[in-house]
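The next block holds one structure in the form of structure tokens; read it before the comments.
What follows draws every value from the coordinates through simple rules; no lab data is involved. The structure presented is a predicted model; accordingly, all values stated were derived computationally and were not measured. Note: ideal-geometry Cβ built from the backbone for every residue, glycine included; neighbour counts use all protein chains shown.
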Amino acid sequence: MSAHPVENGDEPIIERPDRTISALRKALARVAPSRLPLMESERDEVLMLAAETQSVGPVNGFLLRWAVAVEIERHPAVARRLHEAERLVRTATDEEAMRSAAREVAGIKEAARQAVGG
């Protein structure tokens, strides 16, 4: 099974947002509101680090990380697969099952990263 959302036939519940803090925050509020506190906490840390280092690198990494998260969450079936695979990584007692789940997690995230141009 492909990890790419479009090939899954899973219609997105929102349009892909621009890769800005405000657009990603608004999108996350729609697709995974429980993750907003984490995003906001990370945002504050990243902005402080960017100011300290006088580099936009931390901000670019933050934007890509949250663009990937939104890309996954805007496709409900893909998000369910990811969350189930993450659960298996944490709870599997069989090493092969854990490795298979870890590959699924990596594949889903890589497909989302490619979809957002990262």
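For the range 16-23, the criterion of being in contact with a Ser or Thr (Cβ under 9 Å, 6 or more places away or on another chain), in contact (Cβ under 8 Å) with a residue 24 or more places away in the chain and either aromatic (Phe, Trp, Tyr) or assigned to a helix (DSSP H, G or I) (or both) is met by no residue. Among the residues of the range 18-65, the ones that are closer than 17 Å to Ala112 by Cβ and among the β-branched types (Val, Ile, Thr) come to 1 in all. Scanning the range 86-118 for residues that are of a type in the set (D, E, K, R) and not in a helix (DSSP H, G or I) yields one hit, Asp94.
Determine whether Arg103 is under 28 Å from Arg30 (Cβ atoms) and charged (D, E, K, R). In short, no. Within the range 28-50, residues that are surrounded by 12 or more Cβ atoms within 10 Å (Cβ to Cβ) have Cβ atoms under 8 Å from residues that are not in a helix (DSSP H, G or I) in these pairs: Arg30/Ile13; Arg30/Ile14; Val31/Ile13; Val31/Ile14; Val31/Arg74; Ala50/Val56, counting only partners at least 6 apart in sequence or on another chain.
What do you reckon, is Ala27 assigned to a helix (DSSP H, G or I) and touching a helix residue (DSSP H, G or I) at 6+ places or on another chain (Cβ under 8 Å)? In short, yes. For the range 55-78, taking the residues that are free of Cβ contacts under 8 Å to residues at least 40 places away in the same chain and either of a type in the set (A, V, I, L, M) or not in a helix (DSSP H, G or I) (or both), the one that is farthest from Ile21 (Cα to Cα) is identified as Ser55.
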